[in-house]
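A short write-up of the structure that comes next.
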Amino acid sequence: MTDHAAPAFYARRGSGLADWWTLLHPPYTLWHLSYVVLGAAIARTRDWAALGLSVLAFFLAVGLAAHALDELRGRPLQTGIRTSTLWVVAWLALAAAVVLGIIGAFLWNGSNWALAAAVPIGAALVVGYNLELFDGRLHNDHAFAWAWGGFPVVVGYLAQSPRPTLTNLAAAVLATLAAVSTSYAQRTLSTPARRLRRHTASVSGSLTRADGTVLRLDQATLLAPLERGLRALSYAAPLIATAVWLAGAGRVQ
């Protein structure tokens, strides 16, 4: 049974391990890592090692650094992780992600200037979005969709050192737009879900159907369709990305 008093449907309580599980946002982290795989899968050739480095870099930047910085702003997940620990984890994880990006850009398969340009952009997005810098201009639905959806697809694609045809480039653009769209859908569902869980003291009211039956409204009733949609999307994105990758896995660089 879901604990509707928890800060998120995936949140766990009762131990330090539970706090770290909650901080990692496992369904959402896996969801956004799948965009890296999707971008790599669009490339004409497949480099498994480059994919591994790309996924690891995004896990460090998004799974650890971004979420640690986010928890520092008001403790939305209510973890007991020390503030000093969150700062150390955030900066070390982000620094490691940047190093991996530099390795991929210059030390892996020749110079990849497009990937090199993406590294500082990614670091700026992590810090700017999660610490709500620039008067919060990066902390909105559209910025989230492009930064957490489209950007991983682009980087996953670039990390493969692609030699694109027009058709392949069109496919990469469409995959990027698909990730932006599903990330926007995620934000559209998760924002009211967070408000219900974290900022709502009580819910009361009723809904009268056309046949006259009355449905009593409460927190669980309002949360259910939002979080079922989020769960379904968090399953679908990794499955789609994996399927696309495996469909062309025979073309290895």
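Bear in mind that the values in this text are calculations on the coordinates, not laboratory data. Treat the numbers as computed from the prediction; the structure is a model and nothing was measured. Positions of Cβ are generated from backbone atoms using ideal geometry, with glycine treated the same way; all protein chains shown enter the neighbour counts.
Here are a few things to note about the model shown:
- For the residues His199, His25, His67, a GNM of the chain with alpha-carbon springs under 10 Å puts the largest fluctuation on His199.
- FRET E, pair Ala117, Arg13, Förster distance 45 Å, beta-carbon r, rounded to 0.05: 0.60
- Here the gap between Leu217 and Thr242, fully extended at 0.36 nm per residue and compared with their Cα-Cα distance, gives a gain of 5.1 nm.
- Residues Thr167, Thr182, sorted so that the one with the fewest Cβ neighbours within 10 Å comes first: Thr167, Thr182
- Remark: Trp20, Trp113, Trp148 ranked as Trp113, Trp20, Trp148, counting other beta-carbon atoms within 10 Å and listing the fewest first.
- Most fluctuating residue given options Ala237, Ala68, Ala18, as computed from a GNM of the chain linking Cα atoms under 10 Å: Ala18
- Toward the positive end of the charge dipole of the range 16-247, with +1 on the Cβ of Lys and Arg and -1 on the Cβ of Asp and Glu, the farthest Cα among Leu17, Leu77, Ser204 is that of Ser204.
- Between helix 113-130 and the chain: long-axis angle, C-alpha atoms, 0 to 90°, nearest 10: 20
- Most mobile of Ala11, Ala114, Ala232 in a GNM of the chain (Cα contacts under 10 Å): Ala232
- Taking θ as phi - 60° and the Karplus parameters 6.51, -1.76 and 1.60, the scalar couplings of the range 165-182 work out to 8, 4, 5, 5, 5, 4, 4, 5, 5, 5, 5, 4, 5, 5, 5, 4, 5, 6 Hz in sequence order, x denoting glycine and proline.
- C-alpha center-to-center spacing [the range 7-41, the range 146-211] in angstrom: 15
- Listing Ile42, Ile103 from fewest to most neighbouring C-beta atoms within 10 Å gives Ile103, Ile42.
- Binning the C-alpha pair distances of the chain at 10 Å intervals from 0 yields a P(r) profile of 7, 29, 33, 20, 9, 3, 0 %, listed from the shortest bin outward.
- For Arg46, the residues 5 or more places off, or on other chains, whose built amide H falls under 5 Å of its own are Val252, Gln253.
- A quarter of the convex hull surface defined by the alpha-carbon atoms of the range 43-123 gives 6.0 nm² as the mean projection.
- Estimated FRET transfer efficiency when R0 is 35 angstrom, pair Asn168-Asp141 (beta carbons, to 0.05): 0.75
- Projected label distance in nm at Leu56 and Arg209, using a 7 Å step from Cα toward the beta-carbon: 5.4
- Axis angle, to the nearest 10 degrees, between helix 48-58 and the longest C-alpha principal axis of the chain: 40 degrees.
- Per-residue 3J(HN,Hα) values for the range 189-194, derived from phi via the Karplus relation 6.51 cos²θ - 1.76 cosθ + 1.60 with θ = phi - 60°, read 7, 6, 4, x, 5, 5 Hz in sequence order (x marks Gly and Pro).
- Convex hull of Cα atoms in the range 166-208, direction-averaged projection (nm²): 4.8
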